[in-house]
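Peer 1: The structure follows.
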Amino acid sequence: MTYPLSKGARAWQEKVRKFVDEELIPWEVEAEMNGGLLPKKVRARHHRLVRELGLGAISMPRELGGGGLTMLEQTVVSEQVGRVTNALGWCVRHPPRFLADVATPHQMETWVRPVIEGRRHECYAITEAGAGSDVGAIATTAARDGDHYVINGEKWHVTGGGAADHFTLQAKLTEGAHAGAHALFFVDLDSPGVKLVRTPAYTHTYAVQHPIFAFENVRVPAANLIGTEGDGMEYTREWFRHERLMIAARCCGAAGRLIDEATAFAKERRAYGHPIADYQAIQFMLADSLTELWAARLMTYRVAEAIDAGEDVKVLHGQCSMAKLYASEMANRVADRAVQIFGGRGYMRENVAERFYRELRVDRIWEGTSEIQRLIIARGLYKRGQRALVE
Ligand SMILES: Cc1cc2nc3c(=O)[nH]c(=O)nc-3n(C[C@H](O)[C@H](O)[C@H](O)COP(=O)(O)OP(=O)(O)OC[C@H]3O[C@@H](n4cnc5c(N)ncnc54)[C@H](O)[C@@H]3O)c2cc1C
């Protein structure tokens with residue numbers, strides 16, 4: 001207990017750790033061997049427990065029925081969620097917080113509150129075949145037509161698209177004062193013109209899919225516009241900051257679990273008459289992992305506290321990138337070492353190190369690749385200087 005966490009954050013940490021250890025981790029191997037799926041009864045139990053524990057929509061304000069957790073509390077919760085493989089912890093949800101501020105009463109009743117209550121499910125569609133890192137290059141358009149917008153385009157890697165019933169969709173406006181700028185829309189999945197193109201297989205074994213969707217002349221009421229025209233990218237930047245911090249937290253959780261599991265194995269596994277834990281080669285791998293985890297955790301908690309304290313959002317943008325970059329690369333190094341410590345067992349899908357070795361790879365890609373995080377950090381350094389960012 002070396003970090004001075006608030007009492008509230010410590011309580012969340014213990015509560016979620018218990019839930020993860022007792023309810024989720026025991027199901028990892030079954031999920032891995034079944035395309036990420038668990039028996040319906042088990043999944044229903046997880047969702048019920050999540051609701052009872054107050055983890056249904058941790059990012060959303062209490063007055064809307066959300067958990068109302070501080071950013072530090074969300075971070076410690078996400079860290080615990082990160083300890084489990086196969087995304088079984090994703091029953092703990094954190095919908096985009098900005099929706100609570102900008103949704104109209106109609107949007108609140110139709111999408112936001114039902115999502116908070118777990119009655120509806122959203123996915124966030126930004127990326128396209130020709131626009132990933134370079135979000136500005138999206139080609140999906142929203143053309144105003146009377147009291148509707150007409151949407152055309154194609155979205156890739158839509159996480160949760162297999163189970164969602166609506167998109168938060170980012171498109172480029174074609175005319176008006178904000179022509180060329182981005183806007184976000186609620187788009188129901190069953191709207192005429194929305195087509196599932198295909199559901200590709202990915203490296204990890206997650207029940208949640210990442211399908212490709214086409215939008216062909218999809219007519220969306222103007223009342224589905226989120227916030228104001230032209231502000232789409234600003235909202236997405238807020239979402240990116242939040243997601244990057246939560247990825248950093250989950251990576252810390254994964255690394256912590258891997259260190260525990262690899263240490264326990266090293267103490268028990270014997271080679272040449274001794275536990276392998278006695279060999280310096282193994283000790284060095286564990287020591288490096290623990291040291292790097294601590295650095296990543298300190299960084300992650302500190303950024304969360306800075307967000308809670310309302311510090312300068314431009315500085316926070318760079319700090320979220322630093323936390324995501326460092327924690328995701330750290331967790332990948334730790335997973336690689338854990339596989340090595342487990343030896344042949346570390347290459348078996350029933351082994352936690354093997355699963356994390358595959359699963360953590362995407363944390364260096366999604367919500368901005370490591371290269372993009374470095375660009376953001378360097379830009380922040382040039383504009384604001386070292387003192388603003390890290391002193
Ligand atoms: C499993 C999964 C789930 C996802 N879920 C979602 C989702 O729910 N919603 C969504 O909208 N998107 C989602 N994504 C998309 C994800 O955010 C993008 O894949 C990511 O931002 C990278 O974009 P890209 O794949 O087009 O790669 P590209 O942008 O084509 O990049 C390819 C390579 O070029 C590098 N590169 C690009 N530009 C530069 C530069 N200026 N300098 C240096 N290097 C550069 C990149 O770092 C990368 O190494 C998901 C992706 C995956 C894999």
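Please treat every number below as a calculation from the coordinates, not as lab data. Just so it is clear, the model here is predicted, and its values are computed rather than measured. No Cβ is skipped: glycine too gets one built from the backbone with ideal geometry, and neighbour counts run over all protein chains shown.
Peer 1: In cubic angstrom, how much convex hull volume per residue do the alpha carbon atoms of the stretch 233-390 span?
Peer 2: In the stretch 233-390, the Cα hull volume divided by residue count equals 113 Å³.
Peer 1: At q = 0.07, 0.09, 0.12 Å⁻¹, what is the log10 ratio I(q)/I(0) for the chain, with the Debye formula run over Cα points and no solvent?
Peer 2: So the normalised log intensities are -0.33, -0.54, -0.97.
Peer 1: Roughly speaking, what is the stretch gain from LYS15 to ARG45, that is 0.36 nm per residue apart minus the C-alpha to C-alpha distance, in nm to one decimal?
Peer 2: Residue separation times 0.36 nm, minus the Cα-Cα distance, leaves 9.2 nm.
Peer 1: Another question about this same structure. Can you grab the distance from the C-alpha centre of the stretch 17-57 to the C-alpha centre of the stretch 258-275, Å, no decimals?
Peer 2: 29 Å
Peer 1: Could you tell me, in Å, what Rg and Dmax come out for the Cα atoms of the stretch 122-226?
Peer 2: When restricted to Cα atoms, the stretch 122-226 yields Rg and Dmax of 13.3, 45 Å.
Peer 1: Under a point spin-label approximation (7 Å from Cα along Cα-to-Cβ), what is the LEU381-ARG62 distance to one decimal in nm?
Peer 2: Inter-label distance under the simple model: 4.2 nm.
Peer 1: Please work out the C-alpha center-to-center distance from the stretch 323-382 to the stretch 70-131 and express it in whole Å.
Peer 2: That distance is 23 Å.
Peer 1: Hey, another quick one. How large is Rg/Rh for the stretch 1-126, to two decimals, with Cα atoms and a Kirkwood Rh?
Peer 2: 0.99
Peer 1: Related question: Please work out how many pairs of lysine residues in the chain are eight or more positions apart (or on different chains) and have Cα atoms closer than 26 angstrom.
Peer 2: Lysine pairs, 8 or more places apart or on different chains, close enough: 18.
Peer 1: Give me Rg over Rh for the stretch 308-391, both radii from the alpha carbons and Rh done the Kirkwood way, two decimal places.
Peer 2: 1.15
Peer 1: Also: Quote the Stokes-Einstein diffusion coefficient, in whole µm² s⁻¹, for the stretch 113-170, based on the Kirkwood radius over alpha carbon pairs, a temperature of 20 °C and a viscosity of 1.002 mPa s.
Peer 2: 169 µm²/s
Peer 1: Rounded to the nearest 500, what is the 222 nm mean residue ellipticity of the chain from helices alone, with -39500 (n - 2.57) per DSSP H run of 4+ residues and division by all residues?
Peer 2: -15000 deg cm²/dmol
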